[in-house]
Amino acid sequence: MPRILVTGATGQIGVELTLALRECYGADNVIAAGHRREPSGSLVHTGPYVSLDVRDAAALDALVPERGITVIYHLAALLSAVAEEQPLQAWDINMNGLLNVLESARKHGCQVFFPSSIAAFGPDTPPFDTPQDTVQHPSTIYGITKVTGELLCDYYYRRYGVDARGVRYPGLISNQVLPGGGTTDYAVDIFYAAVRQRHYDCFLRAGTQLDMMYMPDAIQAAIQLMETDVSRLTHRNGFNVTAMSFTPAQLAAAIQQHLPDFTISYAIDPLRQAIADSWPRHMDDSAARAEWGWQPRYDVAAMVTDMLRHITVKLRNE
Ligand code: AKB
């Protein structure tokens with residue numbers, strides 16, 4: 001049985017991934033580690049939790065052998081918009097955190113999962129059917145840390161045999177933990193606003209098309225890739241994965257199917273609009289499908305139905 005450490009476990013992906021890993025591998029085998037956010041009850045009551053700043057190499061390096069860790073899901077990172085406001089801190093957390101994780105993995109023989117992003121592409125990348133292997137010149141600090149992270153993971157595999165693997169996530173839509181400081185956050189915020197006040201003021205333009213994915217598919221992708229027999233993999237890191245691609249106007253129309261009185265308006269945030277404009281519109285994820293059987297379960301309609309159901313219950317119970 002693997003012994004797993006999840007860094008950034010208090011974040012948008014972290015909470016749901018930790019709970020799913022505890023279901024798969026047993027609660028005691030999955031140690032959640034967080035730093036910047038308070039851990040939720042669901043995290044601390046279902047298994048072990050430690051406070052860990054991934055920039056603290058000594059603490060990480062002590063924890064891994066002490067807890068017999070064999071796999072690290074390294075999620076701790078600053079997202080795109082907040083990173084653009086604090087570029088030095090973004091570099092410190094995103095790059096030094098990953099380097100510390102890879103070094104511990106090298107010393108203690110761990111497997112590593114590293115989530116990259118559509119942000120690893122830039123304005124000169126083909127925006128439609130973005131190939132798996134193509135131009136990567138991101139214009140944001142977040143994107144620079146993601147493409148560098150992909151390369152660093154590949155390097156640790158080639159140089160030291162560290163089994164590091166990862167995907168390029170699109171915008172992730174979820175209903176348990178709010179994202180914080182991302183460009184695609186509108187696609188989560190819109191559901192809370194729709195249920196609460198039937199209106200959303202969107203910070204991206206109506207026609208800004210981006211790849212997206214519902215959280216259950218994102219969790220499935222991470223676990224499935226990590227469990228794939230290595231002989232099937234040609235790539236290791238930065239697998240393009242997507243489930244749907246839409247604009248704010250199209251998402252609003254899908255919500256109106258359930259809530260006909262819902263309306264949307266637009267108050268563009270120039271920082272996040274510029275970031276979104278530098279990202280691809282729709283990635284080609286055929287390499288992930290061919291090499292490890294990637295297959296999303298949720299399309300826009302299924303995701304919208306599920307999100308509205310969960311958020312209605314959540315807000316009613318608040
Ligand atoms: C962000 O918007 O920063 C993230 C991402 C696409 O990586 N959700």
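The values are calculated or read from the model by the stated rules, or taken from the named source; none is laboratory data. All values derive from a computational prediction rather than experimental measurement. Neighbour counts run over all protein chains shown; Cβ positions are idealised from the backbone, glycine included. Only protein heavy atoms, including side chains, enter the accessible area calculation; ligands, DNA and RNA are left aside. Shrake-Rupley method; radii C 1.70, N 1.55, O 1.52, S 1.80 Å.
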(message) Could you check the spin-label model distance between Asp92 and Arg36? Points 7 Å from the Cα along Cα→Cβ, value in nm.
(response) 1.2 nm
(message) Using alpha carbons only, how many angstrom separate the centre of the range 1-44 from the centre of the range 180-236?
(response) 19 Å
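Rounded if a/c is under 1.5, else prolate if a/b beats b/c, else oblate: with a ≥ b ≥ c from the C-alpha gyration tensor eigenvalues square-rooted, which is the range 161-318?
It is prolate, given that a/c is not under 1.5 and a/b is the larger ratio.
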(request) Collect residues whose amide H, placed 1.01 Å from N in the peptide plane, falls under 5 Å from the amide H of Val241; neighbours closer than 5 in sequence don't count. (result) Arg168
(request) Round to the nearest 0.05 the FRET efficiency obtained for Tyr25 and Asp269 when R0 = 41 Å and r is the Cβ-Cβ distance. (result) 0.55
(request) Report the local net charge at Gly34: Lys and Arg +1, Asp and Glu -1, summed over other residues whose C-beta lies under 14 Å from its C-beta. (result) -1
(request) Place a label point 7 angstrom from the Cα of Gln176 along the Cα-to-Cβ direction, then list the residues of the range 198-219 whose backbone nitrogen is under 18 Å away. (result) 213-219
(request) Leaving ligands, DNA and RNA out of it, report the carbon-plus-sulfur percent of the accessible area of the chain at a 1.4 Å probe. (result) 52 percent
(request) Once you have the Cα-Cα distance between Leu233 and Gln250, take 0.36 nm times their residue separation minus that, and quote the gain in nm to one decimal. (result) 2.6 nm
(message) From zero outward in steps of 5 Å, how is the percent of C-alpha pairs of the range 1-51 spread across the bins?
(response) 5, 26, 40, 21, 7, 1
(message) Could you give the length gained by full extension between Asp306 and Ala206, i.e. 0.36 nm per residue of separation minus their alpha carbon distance, to one decimal place?
(response) 33.7 nm
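Once R0 is set to 45 Å, what does the formula 1/(1 + (r/R0)^6) return for the Cβ-Cβ distance between Asp124 and Glu318, expressed as a FRET efficiency to the nearest 0.05?
Computed FRET efficiency for Asp124 and Glu318 comes out at 0.50.
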(message) I need the trypsin sites (Lys or Arg not before Pro) found in the range 216-318, filtered to DSSP loop residues with at most 11 other beta carbons within 10 Å of theirs.
(response) Arg297
(message) Quick check for you: with a 1.4 Å probe and neighbouring chains kept, what is the accessible area per residue of the range 210-313, in Å²?
(response) 39 Å²
(request) Treating the Cα atoms of the range 1-152 as identical point scatterers in vacuum, please give the log10 of the normalised Debye intensity I(q)/I(0) at q = 0.13, 0.20 Å⁻¹, two decimals. (result) -0.60, -1.19
(message) Give me, ordered by chain and number, the residues 5 or more places off Thr263 or on other chains with an amide H under 5 Å from its own placed amide H.
(response) His199, Tyr200
(message) I'd like the Karplus ³J(HN,Hα) series for the range 77-94: coefficients 6.51, -1.76, 1.60, θ = phi - 60°, whole numbers in Hz, and an x wherever there's a Gly or Pro.
(response) 5, 8, 7, 4, 6, 5, 5, 5, 7, 9, x, 5, 5, 4, 4, 4, 5, 5
(request) Let me know the shape class of the range 108-183, please: from the alpha-carbon gyration tensor, a ≥ b ≥ c as square roots of the eigenvalues, rounded when a/c is under 1.5, otherwise prolate if a/b is greater than b/c, or oblate. (result) oblate
(message) So if the hydrodynamic radius of the chain is defined as the Kirkwood radius over C-alpha pairs, what does Stokes-Einstein give as its diffusion coefficient at 37 °C and 0.692 mPa s, in µm² per second?
(response) 166 µm²/s
(message) Show me, bin by bin at 10 Å from 0, the whole-percent P(r) of the range 144-224 based on Cα pairs.
(response) 15, 36, 29, 14, 5, 1
